[in-house]
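What follows is one structure encoded as structure tokens, with my remarks underneath.
Quick note: the coordinates plus some simple rules give every number you see, no bench work behind them. Computed from a prediction, not measured in an experiment: that's the story for all the values here. Ideal geometry is used to build each Cβ from the backbone, glycine not excepted, and the neighbour counts take in all protein chains shown.
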Amino acid sequence: MTQGILLFAHGARDPAWARPFEQARDRLIATRGPSGPVDLAFLEFMSPTLVEAGARMAAQGCTQVTVVPLFLGAGGHVRKDLPLLLQQLGEQHPGVRWTLSPAVGETDILVQALADAAAHLAAQHRGAP
């Protein structure tokens, strides 16, 4: 069984917006090694779309793919749009089990990282005019 991870972000018109998500993908690939494919997809404005990236995962032989929403919270895109896209992937690639994880922003590790980053940034600006 080949397990893939498909990171899913909103997308934006400005290509610079995607850099942190591309860096997250690259770091995940570096730490994951050869244990399975990792890809990054976008809801809108950027490519690949989730359906396109999912098709690549299926073509690479994935039989199980975990979709990880890179959203700070589970708003409408995660609760409504994403399940419909996963349903479409399931219909197009019935040999693949598509699993949706919680949004990364709902994890304790990211909430702590946000708090740590805020404290770090505030400390850098103490005493600044």
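Below, the figures for the structure above:
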item	result
About the Cα centre, charge dipole magnitude for the chain (Lys/Arg +1, Asp/Glu -1 at Cβ), debye	120
Sorted by Cβ density within 10 Å, fewest first, the residues Arg126, Arg97	Arg126, Arg97
Per-residue Cβ neighbour rank within 10 angstrom, fewest leading, Phe42, Phe21, Phe8	Phe21, Phe42, Phe8
Cα→Cβ-extended label distance, 7 Å offset, between Trp17 and Arg126, nm	3.5
Interchain or long-range residues, amide H under 5 Å from Thr49's placed H	Phe42
Percent antiparallel among DSSP beta bridges (both partners in the chain, rounded to 5)	0
Shape call, the stretch 5-91: gyration tensor on alpha carbons, a/c limit 1.5	oblate
Listed residues Gly33, Gly90, Gly11, most fluctuating in the chain (Gaussian network, C-alpha, under 10 Å)	Gly33
Three-way shape label, the stretch 62-111, alpha-carbon gyration tensor, a/c 1.5	oblate
Derived scalar couplings ³J(HN,Hα) [the stretch 111-120; Karplus, 6.51 cos²θ - 1.76 cosθ + 1.60; whole Hz; x for Gly, Pro]	4, 5, 4, 5, 5, 5, 5, 4, 5, 5
Paramagnetic reach from Glu91 in the stretch 5-19 [backbone N under 15 Å; point 7 Å along Cα→Cβ]	none
Distant-in-sequence amide H partners of Leu100 (H built 1.01 Å from N, under 5 Å)	Val67
Counted charge near Ile29, where neighbours are those whose Cβ lies closer than 13 Å (Asp, Glu -1; Lys, Arg +1)	0
Cβ-based exposure ranking for Glu91, Glu44, in which fewest neighbours within 10 Å come first	Glu91, Glu44
Alpha-carbon centroid distance for the pair the stretch 1-41 / the stretch 68-129, whole angstrom	12
Gain in span if fully extended, Ala118 to Arg79, counting 0.36 nm per residue against the direct Cα distance	11.3 nm
